[in-house]
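The values are calculated or read from the model by the stated rules, or taken from the named source; none is laboratory data. Worth saying up front: this structure is predicted, and the values here are computed from it rather than measured. All Cβ positions, glycine included, derive from the backbone under ideal geometry; neighbour counts span all protein chains shown. Side chains included, ligands, DNA and RNA excluded: accessible areas come from the protein's heavy atoms. Shrake-Rupley method; radii C 1.70, N 1.55, O 1.52, S 1.80 Å.
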Amino acid sequence: MEGYKHGAYVREVGSGVAAPVANETGLHVVFGTAPIHMAEEPEKAVNRLVVAGTYEEAVSQLGYSEDYERYTLCQVMDAYFRLFTVGPVVFCNVLDPAKHRKENEEKEYPVVGGQATLDLPGVLPGSLGVKCGSGDTELVRDVDYVTEFDGSGKLVLTFLPSGKGASESAVRVTSVSVDPEAVTEADVIGGVDVESGKETGLELVRRVYPRCGRFPGFIMAPGWSQKRNVAAVMAAKCKEINGVFRCECLADIDTEEVRKYTECARWKEENGYLSESMIVLWPMALAEGKRFYYSAVYGAMTAQADADNGSVPSFSPSNKGLRIDGAVLADGTDVDLDQPEANALNGQGIVTILNNGGLRSWGNNTAAYPHVKELKDRWINCRRAFSWWGNDFIVTCRDRVDDPANYRLIESLVDAENIRGNSYVQQGKFAGIRMEYHKEENEVEDLLEGRILVRQYLAPYTPAEYILNILSFDPALLENALGGGN
């Protein structure tokens, strides 16, 4: 706990990360692994929803490493807070030091300039056993030495002048490291412990609203969503959240298995990536020399686009700039699609990356397409708009629940929704919204049981995906220009 403060204070932050724009649509909830050995309180960052509105908040609670394959949540921090400067994001780290760990053998390190640098990855500072190189005297952390991670993620021990190790030329160190490679699909999927009732992994989606007071908008797991079991659970968790809410999920196609665009549709079908709640993405993205799973960048781009639209997810996130340097496979091979190739992917319900006056997202269809052509389930923006509007109605209407079921309640509910809908129509965010109450659909028996039925009609604009201009040669124009018409 911070001590009592009195006076003027200054806090410095780096110039590399701008203050993020707030996206007030549904929360983007991300599951994966983080370098929690670098966090301020590692024990509080395991299977717990961590809400971060800025890069600094995310790093202090979860740590940061540019090893995105081992620590998959870090690419999301980079994409949201650096590439697109948008937040907040809800992170859930499933890397558990109690489970995913390895014991490091005792090793001697030289002390140079009062410091010793450990060359082992993922060392937990609280696990250190440090002895003087010349004897068996145990040194005490924060008494004889302090620890800090350097820019490359190595743990540095700095020996205090007043401590026992100040005059030593070497120390012997035992330690424990986190082992992200020991994390499995089952850890990401999670579940409920029968004895303790503790929820882990994707099971924690149901805790987003109770914990944060806001419903989910996206479920993501970059680095894991290309695994069919994880993707299937993500899609299942999108529906009936807390029994009432709904959202969408982002799923990557495995670019180690799928190296050509012509292989994507078969992989998607065979692995069952067919839900209307799922947005399927291929390939990966490259930015500042780092490879990102496309879902991390697409999620950040969509959050920025929503924020620019007044935090209303009614417009298509297709043909939006991605702020990246290239499209690649997992091994770094460049992917340069032309428009017909990108369109072929779109026709199979796959969103891709196209250089169209800059690298842009390209695709409007959910994973359910082409099998499902229902408008609200086919178009990404329509599916997202329906989920968001339904969620927002539940939250907006909650104060009316348990009021007297009289006509005044019904009239106020319908009027309020129509006023709210008209405001969005006037802003150009929807083509039309209206709510109706029909007496014939509300039998006396239902009203006596406390049940009221209303109908609401919602029409987001479908994307202008195909614009055709028919060009013809008109000889009369040429004749007029040459004076033939005089």
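Things worth noting here:
- In the range 439-473, residue farthest from the chain's Cα centre (by Cα) [restricted to those that are farther than 30 Å from Leu413 by Cα and either hydrophobic (A, V, I, L, M, F, W, C) or assigned to a helix (DSSP H, G or I) (or both)]: Phe473
- Taking the conditions (1) open to solvent by 20 Å² or more (accessible area, probe 1.4 Å); (2) in contact (Cβ under 8 Å) with a residue 60 or more places away in the chain; (3) farther than 30 Å from Asn309 by Cβ in turn, Val112 satisfies each one other than (2).
- Qualifying residue in the range 284-294 (condition: in a strand (DSSP E or B), open to solvent by 10 Å² or more (accessible area, probe 1.4 Å) and not basic (Lys, Arg)): yes
- Taken over the range 93-108, the criterion of being outside any loop (DSSP other than H, G, I, E, B) and open to solvent by less than 20 Å² (accessible area, probe 1.4 Å) is satisfied by Asn93 alone.
- Among the residues here, Val90 qualifies as touching a Cys at 6+ places or on another chain (Cβ under 8 Å) and either farther than 21 Å from Ser177 by Cβ or outside any loop (DSSP other than H, G, I, E, B) (or both).
- Yes/no for Glu195 being acidic (Asp, Glu), within 16 Å of Val111 (Cα to Cα) and either more than 29 Å from the chain's Cα centre (by Cα) or modelled with pLDDT under 90 (or both): no
- Test result for Gly272, closer than 27 Å to Arg228 by Cα, in contact with a strand residue (DSSP E or B) (Cβ under 6 Å, 6 or more places away or on another chain) and surrounded by fewer than 20 Cβ atoms within 10 Å (Cβ to Cβ): no
- Residues of the range 136-174 that turn out to be touching a helix residue (DSSP H, G or I) at 6+ places or on another chain (Cβ under 6 Å) and open to solvent by 40 Å² or more (accessible area, probe 1.4 Å), as a count: 1
- Whichever residue in the range 121-132 is open to solvent by less than 30 Å² (accessible area, probe 1.4 Å) and in contact with an Asp or Glu (Cβ under 8 Å, 6 or more places away or on another chain) and, among such residues, is modelled with the lowest pLDDT: Cys132
Quick grid of which residues meet (1) in contact (Cβ under 8 Å) with a residue 12 or more places away in the chain; (2) part of a helix (DSSP H, G or I):
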| site | (1), (2) |
| --- | --- |
| Asp187 | yes, yes |
| Ser196 | no, no |
| Leu202 | yes, yes |
| Tyr209 | yes, yes |
| Gly217 | yes, no |
| Gly223 | yes, no |
| Ala235 | yes, yes |
| Gly243 | no, no |
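- The set of residues from the range 424-438 being touching a Phe, Trp or Tyr at 6+ places or on another chain (Cβ under 8 Å), outside any loop (DSSP other than H, G, I, E, B) and either of a type in the set (A, V, I, L, M, F, W, C) or open to solvent by 80 Å² or more (accessible area, probe 1.4 Å) (or both) comprises Ile433, Arg434, Met435.
- Options Leu83, Leu118: the member that is under 25 Å from the mean Cα position of the chain (by Cα) and either under 26 Å from Val183 (Cα atoms) or surrounded by 19 or more Cβ atoms within 10 Å (Cβ to Cβ) (or both): Leu83
- Of the residues making up the range 474-486, those that are in a loop (DSSP other than H, G, I, E, B) and open to solvent by 100 Å² or more (accessible area, probe 1.4 Å) number 2.
- Look at the range 251-267: where a residue is open to solvent by less than 10 Å² (accessible area, probe 1.4 Å) and a partner is of a type in the set (Gly, Ala, Ser), sitting 6+ places away or on another chain with Cβ atoms under 6 Å, you get Ala251/Ser225; Ala251/Ala231; Asp252/Ser225; Asp252/Ser295; Thr255/Ala330.
- Checked against the criteria, Gly332 does not count as without any contact (Cβ under 8 Å) to a residue 60 or more places away in the chain, under 19 Å from Ala303 (Cβ atoms) and not β-branched (Val, Ile, Thr).
- With respect to being over 19 Å from Cys238 (Cα atoms) and charged (D, E, K, R), Asp179 fits the description.
- Qualifying residue in the range 138-152 (condition: touching a residue at least 24 places away in the same chain (Cβ under 8 Å), under 32 Å from the mean Cα position of the chain (by Cα) and assigned to a loop (DSSP other than H, G, I, E, B)): yes
- Members of the range 256-283 found to be out of contact with any Asp or Glu (no Cβ under 7 Å at 6 or more places or on another chain), part of a helix (DSSP H, G or I) and within 25 Å of Val233 (Cα to Cα), listed by number: Glu263, Cys264, Ala265, Arg266, Lys268, Glu269, Glu270
- Scanning the range 175-212 for residues that are of a type in the set (S, T, N, Q) and out of contact with any Gly (no Cβ under 9 Å at 6 or more places or on another chain), we see that the one that is least open to solvent (accessible area, probe 1.4 Å) is Thr184.
- Test result for Tyr298, open to solvent by 10 Å² or more (accessible area, probe 1.4 Å), in contact (Cβ under 8 Å) with a residue 60 or more places away in the chain and under 15 Å from the mean Cα position of the chain (by Cα): no
- Of all residues in the range 45-63, those satisfying the criterion of being assigned to a loop (DSSP other than H, G, I, E, B) and surrounded by fewer than 21 Cβ atoms within 10 Å (Cβ to Cβ) are Val46, Asn47, Arg48, Gly53, Thr54.
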